[in-house]
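Below you'll find the structure, written out as structure tokens, and then a few comments.
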Amino acid sequence: MQAFTYRNQILHAEDVSVEDLAETYGTPLYIYSRRKFLQQLKGLQQAFAAVDPLICYSVKANSNLSVIKTFSEGGAGVDIVSGGELFRARRAGVDASKIVFAGVGKTSAEIEAALREKIRFFTVESEGETERIAQCAVRLGTVGRIAFRVNPDVDPQTHRYISTGKQENKFGMDPARVREAFKRAVAMPGVEPVGLHMHIGSQILNPDPFVEAIRKVTPLCRELRDKYDSFKTLDIGGGLGIGYEPDDQPLEPTALAERLVPLLQELDLQIVMEPGRYLAGEGGILVTRVQYVKDSYHKKFIVVDAAMNDLLRPSFYQAYHPIAAVRETEKTVLGDVVGPICESGDFLAQDRTLPNVPANELLAVHCAGAYGFTMSSNYNSRPRAAEILVDRNQARVIREREKLDDLIRGEIMED
Ligand code: LLP
């Protein structure tokens, strides 16, 4: 299913006109397709059905309560990385037994909150963290289930900022350390080591790094499984990429499953997956209105009302997001799409063939459902965008546009 299609030359989100939504709710505006979200989840569930994985949606990709609820209703659990995400997930009604908690720097307060909720497990990144979870659990008279994060040292062939499974990355522990830490944890009060975790990076379009990583941890999995009854789970993380650029070959879940399922079946463990971008990315657009079209030296700048504070990925990772006119046009122009923020790095596209649209027209920035709103900020005192969830011909505001008062909430003016 295509979430965003043209009907009578106007871009629609499912059955709702994007132009109408922009008129009603203003711009910049995030619009999501509920059916697309669920379709992605279903595709993954079906592709991996042979190992019956627990798919834990990675909330950092898009943490709006309604988005979390959508995936939860589709049968997913969640992968969280903070007390804030735990709070959101519980508010959205996610069953605690389907919550896994990752991250290198969990505080005692976050650990205790998760222990009280009785989450499925913590993924643990260091010996220090194991001890801290154990201490917190003993204090609360409970036991924390933990899965050690292995750093398998594979190259995920992605942007260096989103590579996480190489030796030089801060994430995980090398296999020899994990073996020792697991052994010690078995004897420790307050923790129950239940498995291993890995997450090698994000926006991965090639199955090979996943295959390599699983192959690398297989001997350790077998060894620990045979030695310890509590060892039951392998969490293979997220990282499945989507097709941002015209030349990107999307990673089809069936193609990935074909390579991974035989390896996973052989392990005979409960499999957990933590996709974020794959589930949420393609189901979202950022709609922005052109303010000015400006010629400068040899370049054309399309100045829009969305900026790096709304969608950081182009500025931060030089990420490519497809950009299309909401009112279909064949006319193109070479140039940049830039925002109003006072930084040269404030662009949504650079040196690209773009739709040639005049001021006041709308543009849609595609593949913005993941790491879009969640990475947005108030930089330059810009209120954050509204978010809309579309389901067939229904559109609901799932986050109101921030108001000026929201910008100063919590600030205290000196006498
Ligand atoms: N699990 C863990 C432990 C993670 O650290 C991440 C993402 C995921 C799962 C989900 O990864 P995904 O399936 O979405 O690739 N802001 C960056 C992406 C950062 C990803 C961080 N970790 C971007 O906009 O590309």
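Values computed for the structure shown
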item: log₁₀ of I(q)/I(0) at q = 0.15, 0.20 Å⁻¹ - the range 103-273, Debye sum with one point per alpha carbon; result: -0.83, -1.28
item: Diffusion constant of the chain at 10 °C, which comes from Stokes-Einstein with the Kirkwood Cα-pair radius and 1.306 mPa s, µm²/s; result: 71
item: Residue among Leu240, Leu38, Leu220 with the largest mean-square fluctuation in a Gaussian network model of the chain, springs linking Cα atoms under 10 Å; result: Leu220
item: Summed residue charge, Cβ within 9 Å of Ser63's Cβ, Lys/Arg positive, Asp/Glu negative; result: +1
item: Added length on full extension, which subtracts the Cα-Cα distance from 0.36 nm per residue, Asp351 to Thr24; result: 114.5 nm
item: Value of relative contact order over the range 286-415, rounded to a whole percent, pairs C-alpha under 8 Å and six or more apart; result: 26
item: DSSP-defined antiparallel bridges as percent of all bridges, the range 103-273, nearest 5; result: 5
item: Members of Lys183/Lys216; Lys106/Lys183; Lys60/Lys166; Lys36/Lys299; Lys42/Lys98; Lys300/Lys403 lying beyond 26 Å, as alpha-carbon distances in this model show; result: Lys36/Lys299; Lys300/Lys403
item: Cα centroid separation, the range 301-355 to the range 155-176 (Å); result: 30
item: Computed [θ] at 222 nm, deg cm²/dmol, the chain (DSSP H ≥ 4; -39,500 (n - 2.57); rounded to nearest 500); result: -9000 deg cm²/dmol
item: Calculated FRET efficiency for the pair Glu73/Ala49, C-beta based, R₀ 22 Å, to 0.05; result: 0.70
item: Contour excess over end-to-end distance, with Cα ends at Tyr379 and Asn169 and 0.36 nm allotted per residue; result: 72.7 nm
item: Descending Cα extents along the principal axes, the range 318-388, whole Å; result: 34, 29, 24
item: Residue with peak Gaussian network fluctuation, the chain [Cα springs, cutoff 10 Å], from Ala255, Ala395, Ala61; result: Ala255
item: Relative contact order %, the chain, counting alpha carbon pairs below 8 Å whose residues are six or more apart; result: 19
item: Separation between Cα centres of the range 208-255 and the range 66-84, rounded to whole Å; result: 21
item: Within the chain, percent of DSSP bridges classed antiparallel, to nearest 5; result: 50
item: Theoretical FRET efficiency, 1/(1+(r/R0)^6), r = Cβ-Cβ of Arg396 and Ala187, R0 45 Å, to 0.05; result: 0.30
item: Candidates Glu402, Glu110, Glu330: whichever shows maximal mean-square fluctuation once the chain is modelled as a Gaussian network with Cα springs under 10 Å; result: Glu330
item: Approximate spin-label separation Met1-Lys118, in nm, with each point projected 7 Å along Cα-to-Cβ; result: 3.5
item: Normalised contact order of the range 103-273, rounded percent, pairs of Cα under 8 Å and 6 or more residues apart; result: 20
item: Net +/- balance of residues flanking Tyr278 in space, Cβ distance below 14 Å, scoring K and R +1, D and E -1; result: -1
item: In the range 156-251, the GluC sites (Glu not before Pro) that fall in loop regions by DSSP, at most 10 other Cβ within 10 Å; result: Glu168
item: Evaluated over the range 106-206, the Cα radius of gyration and Dmax, each in Å; result: 14.5, 45
item: Loop-resident sites, the range 307-415, for trypsin sites (Lys or Arg not before Pro), counting at most 15 other Cβ within 10 Å (DSSP); result: Lys331, Arg392, Lys403, Arg409
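Read-outs throughout are calculated quantities, based only on the coordinates presented, and are distinct from any laboratory measurement. This structure is a prediction, so every number in the text was calculated from the model and none was measured. Backbone-built Cβ (ideal geometry, glycine too); neighbour counts: all protein chains shown.
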